[in-house]
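Report on the structure given below.
The values are calculated or read from the model by the stated rules, or taken from the named source; none is laboratory data. The structure presented is a predicted model; accordingly, all values stated were derived computationally and were not measured. Ideal geometry is used to build each Cβ from the backbone, glycine not excepted, and the neighbour counts take in all protein chains shown.
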Amino acid sequence: MSLAPAALDNPGTALEVGRLLFAGDCRFVAGVATIDQLPPMGLPEIAFAGRSNVGKSSLINALTGRRALARTSDTPGRTQQLNFFTLGDRVMLVDLPGHGYASAAKREIARWTDVIDAYLRGRATLTRVCVLLDARHGLKDSDRELMVRLDKAAVTYQAVLTKCDKLDDGALEARRGALEAELRRHPAAHPELLATSAVSGLGIAALRATLATLAAPA
Ligand code: GDP
């Protein structure tokens, strides 16, 4: 069954459709270090981007309910490849390398930026990029640079706040308001900002429901 966007009007249905998709079979397809290694285009792709240590691996694992699908790491910037996973044979999840870590050599950063840019610009099946932002820190320069690159590539992206369990409700609302104002100035940014926590489970079901609207029909 495909989920028309209108089905999001019915939260019960949308959450269930999202749950079912993410409960489906999830398989590692490829780890890509250079652009010529990309798997052939097929399913709609949803990519996850964010600064190193933003909680990207934890969020992907929470979404898919697998503990070690995306490798969490205490060494920021260690996993320098694009990792492709099929989900329920309906969508490809793409774990992009973390950006913004200070310890990497400039030449390495430039090489990675080139690989990621080539992917973002040339991938007709890339349907959405989730730009993960640590709720405690908001937007950093490297996030803004990524958003401008996505605007230029005309790839729709959606901001997802991570680690929201670390903020109280007031601080979270303030963060959300400031970010939404800034997102409105970016042409390719989706207006909806999702607040999540891989620890408390906040927003995970809602994010599954949103992403399920982008999957190919079953
Ligand atoms: P990545 O480098 O972006 O893949 O980040 P990881 O998923 O490896 O997480 C980085 C650190 O943040 C780890 O110590 C995680 O335990 C922690 N972390 C990740 N998500 C959350 C969250 O939702 N809440 C809290 N409190 N900590 C988190």
Test for Val131: is it β-branched (Val, Ile, Thr), assigned to a loop (DSSP other than H, G, I, E, B) and on the phi < 0 side of the Ramachandran plot: no
I need a count of the residues in region 26-45 that are touching a strand residue (DSSP E or B) at 6+ places or on another chain (Cβ under 6 Å) and either within 16 Å of the ligand (Cβ to nearest atom) or acidic (Asp, Glu) (or both). 3
Going through region 169-189 in order, the residues found to be away from the ligand (no atom under 16 Å from the Cβ), among the hydrophobic types (A, V, I, L, M, F, W, C) and exposed (fewer than 14 other Cβ atoms within 10 Å of the Cβ) are Ala174, Ala178, Ala181
Restricted to region 95-135, and to residues that are more than 23 Å from Leu183 (Cβ to Cβ) and modelled with pLDDT of 95 or more, which residue is surrounded by the fewest Cβ atoms within 10 Å (Cβ to Cβ)? Ala124
Looking at (1) surrounded by fewer than 19 Cβ atoms within 10 Å (Cβ to Cβ); (2) at pLDDT 95 or above; (3) part of a loop (DSSP other than H, G, I, E, B), which is the one condition that is false for Ala215? (1)
Go through region 197-211 and give me each residue that's crowded, with 21+ Cβ neighbours inside 10 Å and either of a type in the set (S, T, N, Q) or within 14 Å of Asn10 (Cα to Cα) (or both). Ser197, Ala209, Thr210
Quick one: how many residues across region 140-168 are within 16 Å of the ligand (Cβ to nearest atom), farther than 23 Å from Ile109 by Cβ and either free of Cβ contacts under 8 Å to residues at least 12 places away in the same chain or assigned to a loop (DSSP other than H, G, I, E, B) (or both)? 3
Does Ala153 satisfy being at pLDDT 95 or above and under 26 Å from Val29 (Cβ atoms)? no
